[in-house]
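Q: Okay, here's the structure, questions in a sec.
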Amino acid sequence: MNADPPPPDPTRTTKTTRIIAKDATGISLSGLLSTPPRAPRATILALHGGGMTAGYFDGKAHPGQSLLTLGAHLGHTVLALDRPGYGASATHLPNGQTLTEQSTRVRTALTRYAATHDLGAGLFVLGHSYGGTLALTCAADGFTMPLLGLDISGLGHRLAAPAGQQPSAAGEGHWRNNWGALRLYPPDTFRTCPDMLAPMPERERAEIRTWPTRFPDIAARVRVPVRFTFAQYEKWWRHDEHTLTELATLLPQAPRVLVERQPQAGHNISLGWTAHTYHLRALAFLEECLAGRAAAGHPLPT
């Protein structure tokens, strides 16, 4: 007599690399997609920074680093998108796109994705560095699906790096600003990360220095909870107490603004020793956003 099959493992997740959406011009956006074994509680859109790819959110240098693995384990779909000018779209957009153009393309891609996929309670956007500028811009421009909140790291509103240390034509910027001390990262980081590195397209690189002047208008149109995290050793952006107090006041329509610090972390926070800690805190903020939505009378998925 055959034994009964073992029960399904509730922690089993599926992770794939795929084309997320193709628009009317034939340009495809690629990315990494991680799904839970059951219907998602929410969908996390992860947007990488300049000179990186979606692989930034799937670190392999140390167990527990991957946002894709952790998010799906906790019941969420995680969609780490290769921003326009990266991944599958790099050939068609060799110079990249402006922030406004990226916002239009990403929001269109998400609308198409949502037409065939269950988003759960809605969308939660997590952006790092330049991906944070895109997350804020997309939120200000508006999604067609419920937006739960934003979690931003490696981004402020006042540059700290002098002009000579800002991203170069090769897109790499200044090494120490991007990474910080080597002790902040597992030893295998630079052996496992080449696949997640890519040239920073010219058009987005040119926009970096304009962000401080654009931030107030974009931030003023954000209407969901926002959490900013600054690594202890962040070098690109100012994060003194006065600057952070000012930052929070520039989002008057956001129902909640948190500004936090991550000890023992450099700019590339999702690749360091504290990646797991940071991701847990980001997902805890998502839980708070879900609780707020439930309290406002919007039923959550079972």
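The values are calculated or read from the model by the stated rules, or taken from the named source; none is laboratory data. Model, not experiment: these values are computed from the prediction. Cβ coordinates were reconstructed from backbone atoms using ideal geometry, including for glycine residues, and neighbour counts include every protein chain displayed. Ligands, DNA and RNA are stripped out before the accessible areas are found, and what is left, the full protein with its side chains, is counted by its heavy atoms. Shrake-Rupley method; radii C 1.70, N 1.55, O 1.52, S 1.80 Å.
Q: Can you pull out every residue in region 178-195 that is surrounded by fewer than 19 Cβ atoms within 10 Å (Cβ to Cβ), in contact (Cβ under 8 Å) with a residue 24 or more places away in the chain and in a helix (DSSP H, G or I)?
A: Matches in region 178-195: Arg191, Thr192, Asp195.
Q: Right, here's the next one. Inside region 53-103, can you point out the residues that are open to solvent by less than 40 Å² (accessible area, probe 1.4 Å), within 20 Å of Leu123 (Cβ to Cβ) and hydrophobic (A, V, I, L, M, F, W, C)?
A: Ala54, Phe57, Leu67, Leu68, Leu70, Ala72, Val78, Leu79, Ala80, Leu81, Leu99 - these are the residues of region 53-103 that are open to solvent by less than 40 Å² (accessible area, probe 1.4 Å), within 20 Å of Leu123 (Cβ to Cβ) and hydrophobic (A, V, I, L, M, F, W, C).
Let's see how each residue does on (1) assigned to a loop (DSSP other than H, G, I, E, B); (2) within 15 Å of the chain's Cα centre (by Cα); (3) more than 19 Å from Lys22 (Cα to Cα):
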| residue | (1), (2), (3) |
| --- | --- |
| Ser34 | no, yes, yes |
| Gly49 | yes, yes, yes |
| Leu68 | no, yes, yes |
| Pro84 | yes, yes, no |
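Q: Quick test of your reading of the structure: Ala248 fulfils all but one of (1) buried (at least 17 other Cβ atoms within 10 Å of the Cβ); (2) modelled with pLDDT of 95 or more; (3) hydrophobic (A, V, I, L, M, F, W, C). Name the failing condition by number.
A: So Ala248 meets the others, but not (1).
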